[in-house]
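Read through the structure below, which is laid out as structure tokens, and then see the notes.
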Amino acid sequence: MRKRKTSIQQIILGLSFLSIVAIILYFWPIGRPLTAYALKARSQKLLAYLLVAIGTSLSSISFQTLSGSRFLTPNILGLENLYVLIQTIFYWFSWKLVGDLAFDPVVECLVLIGIQALFFMVLQPMIQILLKQGLMLILLICMALGTLFRSLSTFIQVSMDPNEYDQLQARLFPSFQRMNLEILGLLLMFSVGLVIFYWRKTAILDVLHLGRDTATVLGVQVEREKRHILWLIVLTVSAITALIGPLAYLGFLVSNLTYELTKTYRHRELFTVGSLMGLLILVSG
């Protein structure tokens, strides 16, 4: 046990060192000095990288613990397809239905997070019932709803003006170059609160990793805890999507690399290594 703990500490130190080196090279590239404006812009992007890395790592690892599968990510909940549908409807009506509010980045961010949270809230009565039978049935329903959202988006996009469609596609592809820096402060405070809640749930996640029956024997109220953690995942995915757009494979990549490196079930260590791994990938990329 002590040897394994030392090994994980070495992994954390190694990833921290590599991340620091990557950040230094990001701010001061060899043979190409940056202006003050460029340094400020990169500082804001680095903060976004950090938020996305932590949020993606925590949500993906937590979701895979709940589902019992390393191959599933929060994308299966259909939230990103809902985001695409929302953006498609906004561009289809040329923002007329929401007036000037749509041009305020903070209001737009709150609307996007609110609609995605509302979607999950509508499913709550069904989730409370179906959690007793397992999580897979809920995931199948979310997959079906995600397919419905994608089909509706495609139907609307076919009839869009080409100029509007080009603008829409620019919004739908995840990009750190076009992300909205004006909402970073809001999402930073939001993310700090989410991380605190995730950290408080690490012991519960450690027990849930052992299986439903074992967790019940150990005194965990499985349905309630899964419902709470699902809420954390939904809010995290909504915030990340509102910042840079829908991400497809980063969570899958980060979580599985973390499992292979750490070989542990302790979620505090998984969260730490996963966040550093995500930051290293984003900054280096």
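The values are calculated or read from the model by the stated rules, or taken from the named source; none is laboratory data. Because the structure is a prediction, the values reported are computed rather than measured. A quick note on method: Cβ atoms are made from the backbone with ideal geometry, for glycine too, and the neighbour counts reach across all protein chains shown.
A few notes on this one:
- Checked against (1) at pLDDT 90 or above; (2) of a type in the set (A, V, I, L, M, F, W, C); (3) closer than 20 Å to Ser19 by Cβ, Val237 passes all but a single condition, namely (3).
- Residue, surrounded by the most Cβ atoms within 10 Å (Cβ to Cβ), within the stretch 151-184, restricted to residues that are more than 17 Å from the chain's Cα centre (by Cα) and under 15 Å from Val52 (Cα atoms): Leu181
- Any hit, the stretch 147-157, residues being farther than 24 Å from Phe120 by Cβ and touching a Phe, Trp or Tyr at 6+ places or on another chain (Cβ under 9 Å): yes
- Evaluation of Glu108 against the conditions (1) in contact with a Leu (Cβ under 9 Å, 6 or more places away or on another chain); (2) charged (D, E, K, R); (3) more than 30 Å from Trp199 (Cα to Cα) shows that the sole unmet condition is (3).
- Subset of the stretch 260-272 (residues that are over 20 Å from Val237 (Cβ atoms) and of a type outside the set (A, V, I, L, M, F, W, C)): Glu260, Thr262, Lys263, Thr264, Tyr265, Arg266, Arg268, Glu269, Thr272
- The set of residues from the stretch 193-211 being in a helix (DSSP H, G or I) and either of a type in the set (Val, Ile, Thr) or within 18 Å of Leu131 (Cβ to Cβ) (or both) comprises Val195, Ile196, Thr202, Ile204, Leu205, Val207, Leu208.
- Boolean, Ala239 is part of a helix (DSSP H, G or I) and either under 11 Å from the mean Cα position of the chain (by Cα) or under 25 Å from Asn180 (Cβ atoms) (or both): yes
- Residue check for Leu39: free of Cβ contacts under 8 Å to residues at least 60 places away in the same chain and assigned to a helix (DSSP H, G or I): yes
- Among the candidates Leu51, Leu39, Leu18, Leu25, residue that is farther than 14 Å from Gln177 by Cα and surrounded by 18 or more Cβ atoms within 10 Å (Cβ to Cβ): Leu51
- The stretch 251-285, subset of a type in the set (Gly, Ala, Ser) and in a helix (DSSP H, G or I), residue farthest from Leu77 (Cα to Cα): Ser284
- Flag if Ala215 is at pLDDT below 90, in contact with a Lys or Arg (Cβ under 9 Å, 6 or more places away or on another chain), of a type in the set (Gly, Ala, Ser) and surrounded by fewer than 22 Cβ atoms within 10 Å (Cβ to Cβ): no
- Scanning the stretch 122-180 for residues that are in contact with a helix residue (DSSP H, G or I) (Cβ under 8 Å, 6 or more places away or on another chain), modelled with pLDDT under 80 and among the charged types (D, E, K, R) yields Lys132, Glu164, Arg171, Arg178.
- Residues of the stretch 212-223 satisfying the condition of being more than 14 Å from Leu130 (Cβ to Cβ) and either in contact (Cβ under 8 Å) with a residue 24 or more places away in the chain or not small (Gly, Ala, Ser) (or both): Asp213, Thr214, Thr216, Val217, Leu218, Val220, Gln221
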